[in-house]
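Structure first, then comments.
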Amino acid sequence: MILALYSDQVIAENAPMDRRLAEIVRQRGDHIGYVSSGPDPDRHFFNEKVAYYAEYGLKLDPFIDLDDIVSDDLERLFSCNAIHLSGGHTGHFLHRLRKANVLERLRTWTHDDGILIGTSAGAILMTPTIAVDAFFLGQQPEDITDGEALDLVPFEYFPHLNEDERFLPALLRYSETITNRIVACRDGEGLIVHKDGVEIFGKPRLIFRGSADVIGLDGLDALMGPHGRLEM
């Protein structure tokens, strides 16, 4: 499987990661399915992404509304060369995926050599738990119940680190209560994860046991297995 975890996406700072992702997707085709985190009746956010991916020669279709889904939609989605999970309210997104019976199928599809792209909430959903989303809601991680997510990577992910100076101290405190490492990205930063390793864009922070460091070789070794591959 191949995973692309963005903080934000439609900004110039993401161009290096965008180009790399487009290169990877185009090796298989040019078709990306889009799963909306919530209602988008005017397709405003979807159309923004259509234009965005078109710049890289990629087509975005179908649009999946998890509240109004039919079996043909899912067949089209899972026949795509890649799937994009949008940003939005992470908890509501997770609830919709479960209610539509898509969560487990999405996990299976991704493990079966799928390419999964996530922006903000969509990226958080790739991790074992959405607990860090509590900080965007003015809550604490322990307030997030039933937050088990796709569990595709062995770390937690926090986007938009640059948006509030209180985020980093809160993440440091949280990291002292858990065994998982946390990868925290500012807008314009991200990761592409595949069986042979992790490609880093920008200077994401690796947060663990009360400390935060820019991810370097030592940090990658902590995320990756003994043979230079991510433990999945």
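Wrap a convex hull around the Cα atoms of the range 30-106, take a quarter of its surface area, and give that in square nanometres.
Mean projected area of the Cα convex hull: 4.7 nm².
List the chymotrypsin sites (Phe, Trp or Tyr not before Pro) within the range 63-153 that DSSP assigns to loop and that have no more than 14 neighbouring Cβ atoms inside 10 Å. Each step should come with its number before you reach the end.
Working: sites: Phe63, Phe78, Phe93, Trp109, Phe135, Phe136; in loops: Phe78.
Here no chymotrypsin sites (Phe, Trp or Tyr not before Pro) fit, given the DSSP loop and packing criteria.
Once you sort the root eigenvalues of the Cα gyration tensor of the range 2-53 as a ≥ b ≥ c, which label holds: rounded (a/c under 1.5), prolate (a/b larger than b/c) or oblate (the other case)?
Values: a/c = 1.97, a/b = 1.46, b/c = 1.35.
It is prolate, given that a/c is not under 1.5 and a/b is the larger ratio.
No solvent, one uniform scatterer per C-alpha: report log10 I(q)/I(0) for the range 1-135 via the Debye equation at q = 0.09, 0.21, 0.22 1/Å, two decimals.
Rounded to two decimals, the profile gives -0.23, -1.43, -1.59.
Report the Cα-based extents of the range 38-80 along its three principal axes, largest first, to the nearest Å.
So the extents along the principal axes, rounded to whole Å, are 30, 24, 10.
In terms of the Cα gyration tensor, with a ≥ b ≥ c the square roots of its eigenvalues, is the range 145-194 rounded because a/c is under 1.5, prolate because a/b exceeds b/c, or oblate? Kindly include the intermediate steps, with their values, before the conclusion.
Details: a/c = 1.83, a/b = 1.10, b/c = 1.66.
Note, shape of the range 145-194 comes out oblate.
Residue by residue through the range 6-11, which ³J(HN,Hα) values in whole Hz follow from phi under the Karplus form 6.51 cos²θ - 1.76 cosθ + 1.60 (θ = phi - 60°), with glycine and proline marked x?
Values per residue, Gly and Pro as x: 9, 8, 10, 9, 7, 9 Hz.
Keeping every protein chain present and rolling a 1.4 Å probe, give me the accessible area per residue for the range 58-116 in Å². Please report the intermediate quantities before stating the final value.
Numbers: 2790 Å² over 59 residues.
Result: 47 Å² of accessible area for each residue.
Going highest first, how would you order 80-87, 5-12, 137-144, 175-182 by mean Cβ packing within 10 Å?
Numbers: 80-87: 23.0, 5-12: 20.8, 137-144: 13.0, 175-182: 15.6.
The peptides rank, most packed first, as 80-87, 5-12, 175-182, 137-144.
Pop out the carbon and sulfur fraction of the accessible area of the chain as a percent, whole number, probe 1.4 Å. Could you put the intermediate results ahead of the total?
Values: 4990 of 10800 Å².
Accessible surface attributable to carbon and sulfur in the chain totals 46 percent.
Near the amide H of Gly197, under 5 Å away, which other amide H atoms are found, from residues 5 or more places off or on another chain, if H is placed in the peptide plane?
Residues meeting the criterion, in which the H sits 1.01 Å from N, are Leu230.
Over the chain, what relative contact order in percent results from Cα pairs under 8 Å that are six or more residues apart?
On the way: 468 pairs, mean separation 51.9, N = 232.
Normalised by residue count, the contact order of the chain is 22 percent.
First check a/c for the chain, with a ≥ b ≥ c the square roots of the eigenvalues of its C-alpha gyration tensor; if it is under 1.5, answer rounded, and if not, answer prolate when a/b is larger than b/c or oblate otherwise. Could you put the intermediate results ahead of the total?
Numbers: a/c = 1.56, a/b = 1.31, b/c = 1.19.
Prolate, since a/c reaches 1.5 and a/b exceeds b/c.
How charged is the neighbourhood of Leu103? Take every other residue with its Cβ under 10 Å from the Cβ of Leu103, and add Lys/Arg as +1 and Asp/Glu as -1. Don't jump to the answer; show the numbers that get you there.
Working: positive: Arg96, Arg98, Lys99, Arg105, Arg107; negative: Glu104, Glu148.
Once positives and negatives cancel, what remains is +3.
Rg (Å, one decimal) plus Dmax (Å, integer) for the alpha carbons of the range 56-170?
Reported Rg and Dmax, both Å: 14.8, 46.
Would you kindly give the portion of the calculated P(r) for the range 102-191 that falls above 18 Å, as a percent of all Cα pairs? Could you put the intermediate results ahead of the total?
Details: 1688 of 4005 pairs.
Summing the P(r) of the range 102-191 above 18 Å gives 42 percent of all pairs.
The values are calculated or read from the model by the stated rules, or taken from the named source; none is laboratory data. Here the structure is a predicted model, which means the values were calculated and not measured. Please note: Cβ atoms are built from the backbone with ideal geometry, for glycine as well, and neighbour counts cover all protein chains shown. These area figures cover heavy atoms from the full protein model, side chains too; ligands, DNA and RNA do not enter into them. Shrake-Rupley method; radii C 1.70, N 1.55, O 1.52, S 1.80 Å.
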